[in-house]
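I have placed the structure first, in the form of structure tokens, so that the comments after it can refer back to it.
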């Protein structure tokens with residue numbers, strides 16, 4: 001019976017049924033349930049019997065011992081339900097409606113059955129159950145581009161060589177043609193079965209490129225090319241041949257599943273698609289995947305918006321590896337990112353995600369630093385929405401940066417670049433010994449001591465509180481965060497203006513004198529900026545070369561120098577100006593880890609000849 005034939009088709013072909021177990025939450029490679037792709041969709045045929053008028057037709061069947069029964073003749077009319085045999089009958093239930101079939105018009109030697117899908121699906125096998133004798137020749141074809149082009153899956157013929165000029169897989173294994181399903185017997189109830197991944201197309205991973213090329217379809221059609229007469233007909237002189245020239249099919253079963261690349265175990269209808277109302281609709285296989293593994297798309301064919309840190313991949317159906325997409329490292333400041341191949345290769349195939357539209361005043365590939373005009377609040381986690389605070393530089397006391405005509409603070413601590421004579425992290429007041437806060441900074445006092453910062457009137461040293469009640473601000477360089485490049489800053493700083501300081505010019509003379517100073521560090525530096533901290537000053541430098549260090553570990557990169565003379569004099573000797581390179585020889589404070597500059601330090605503007613000379617002297621000192 002038809003039921004027995006269907007139950008006998010226990011399918012394990014593409015391995016999709018074994019990818020995920022019952023009750024799985026898709027933790028590994030998974031696939032939606034299999035089903036009949038014909039349910040809920042229309043099967044197209046060239047003709048249907050009785051479409052124009054009532055037709056008469058006859059058919060044969062055999063007894064159990066394969067002897068012929070007497071032929072029987074009937075009427076077919078498309079307008080009368082009990083006499084109609086439409087294409088929808090091939091898609092109804094073989095269990096509940098076993099005696100329904102589609103039948104072509106009489107006299108049709110060529111016919112077509114076609115299934116058009118609304119999306120890409122995985123097609124695994126076809127079962128056709130004929131009421132008429134099976135065709136002497138037919139071809140199964142598929143399209144992967146919605147019917148624009150077609151490729152054959154399999155040719156079927158009583159004689160492959162004579163009909164198609166092809167080898168027969170009964171003789172030559174793996175041939176594209178077969179005579180296995182073209183025998184004229186039985187005249188009623190003959191079957192045609194095709195498995196998509198049968199040899200030579202068997203693969204271990206159903207999501208591999210090779211498997212997709214074979215399994216993926218948007219359309220499927222069977223071209224019935226040549227009628228085949230029932231052998232019983234030759235023994236019956238009473239039958240009219242013209243009433244036997246038709247095709248008739250009980251069932252057209254297209255087994256398959258939603259195509260999800262191993263990243264979903266459930267599918268829903270494609271937006272806008274309206275299924276055909278017919279029996280079997282409750283078991284319809286839908287075409288839009290409900291994606292897992294951080295994937296997205298109707299077929300889970302790309303990564304979700306914030307999960308593009310490595311290339312998208314289909315799951316591995318052989319090992320079960322889900323190959324999930326990985327989230328980009330955007331520090332909580334972006335909603336989307338994209339995969340960049342050059343970034344991926346440059347990282348050694350570790351990370352390729354580039355964040356889009358960084359929010360909360362951040363920027364960078366990973367939204368990992370504050371935008372110019374903002375600084376990092378070290379009291380907050382960098383993933384906090386308010387981790388980047390707006391620079392609060394006083395517009396009157398802050399220096400403009402020449403390369404963009406804007407005032408930006410140090411992104412690590414919020415310190416602002418000040419105009420000459422101006423002090424404070426926000427550059428909002430005059431330094432000690434300066435007055436007249438205004439557009440050009442502050443002017444030096446015309447006094448032996450200090451002066452009133454508003455009027456410039458001299459005040460005695462006994463009136464000065466040198467220890468201001470101003471909290472210390474420390475420049476903290478976070479090694480994990482690339483700091484904004486102050487190297488290009490040519491703005492002013494508090495230590496650039498030397499109008500009230502008279503410093504003795506230094507010369508490199510006798511090597512014994514230099515050695516006798518017993519400097520504990522000698523560096524080649526570039527001065528980046530300098531800042532008044534109220535009770536002391538700090539000079540931000542970039543160390544280009546370490547010529548000597550003693551107990552402290554000194555490396556190339558950013559560092560702070562601490563001038564001792566500031567506390568005592570209100571200015572720094574020797575004079576050091578931002579933007580210039582210097583050779584600096586001074587002393588290490590091992591307890592505090594600071595590099596000290598004082599009146600004994602040797603500071604001269606860098607020249608290659610000077611560096612060479614000092615290296616020679618250091619060699620002599622040792």
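Take the range 24-283, compute every pairwise Cα distance, and split them into 10 Å bins from 0; I just need the percent in each bin.
7, 28, 34, 22, 8, 2, 0
Cα convex hull of the range 37-147: mean projected area in nm², to one decimal?
On the way: hull surface 35.9 nm².
For the Cα atoms of the range 37-147, the hull's average projected area reads 9.0 nm².
Residue 276 to residue 109: FRET efficiency via 1/(1 + (r/R0)^6), r the Cβ-Cβ distance, R0 25 Å, to the nearest 0.05? Write out the running numbers ahead of the final one.
Values: r = 29 Å, r/R0 = 1.15.
Approximately 0.30, to the nearest 0.05.
Using a 10 Å cut-off on Cβ atoms, rank the peptides 155-166, 517-528 from the highest mean neighbour count down.
Going from most to least packed, we get 517-528, 155-166.
If packing is taken as the average count of other Cβ atoms within 10 Å, what order do 296-305, 171-180, 607-616, 263-272 fall into, highest mean first?
Numbers: 296-305: 19.5, 171-180: 15.1, 607-616: 12.8, 263-272: 17.0.
Highest mean packing first, the order is 296-305, 263-272, 171-180, 607-616.
Applying a 10 Å radius around every beta-carbon, put 410-419, 86-95 in order of their mean neighbour count, most first.
Working: 410-419: 24.4, 86-95: 19.5.
Highest to lowest by the protection proxy: 410-419, 86-95.
Given the C-alpha centroids of the range 20-98 and the range 124-151, what is the distance between them in whole angstrom?
15
Tell me the relative contact order for the range 511-621 as a rounded percent, counting alpha carbon contacts under 8 Å between residues six or more apart.
Numbers: 225 pairs, mean separation 31.5, N = 111.
Rounded, it is 28 percent for the range 511-621.
Could you compute the FRET efficiency for residue 439 and residue 560, with r as their C-beta to C-beta distance and R0 at 22 Å, rounded to 0.05?
0.15
In nm², what is the average projected area of the convex hull enclosing the Cα atoms of the range 141-248?
On the way: hull surface 35.5 nm².
One quarter of the hull surface, i.e. the mean projection, equals 8.9 nm².
Taking 0.36 nm per residue of sequence separation and subtracting the Cα-Cα distance, how much length would be gained by fully extending the chain between residue 183 and residue 210, in nm to one decimal? Kindly include the intermediate steps, with their values, before the conclusion.
Working: separation 27, 0.36 × 27 = 9.72 nm, distance 3.25 nm.
Length gained, residue 183 through residue 210: 6.5 nm.
Under a point spin-label approximation (7 Å from Cα along Cα-to-Cβ), what is the residue 52-residue 359 distance to one decimal in nm?
That separation, rounded to one decimal, is 6.7 nm.
Values quoted throughout were computed directly from the atomic coordinates according to the rules given, and no laboratory measurement underlies them. Computed from a predicted structure; not experimentally measured. Don't worry about glycine lacking a Cβ; one is built from the backbone with ideal geometry, like all the others, and counts go over all protein chains shown.
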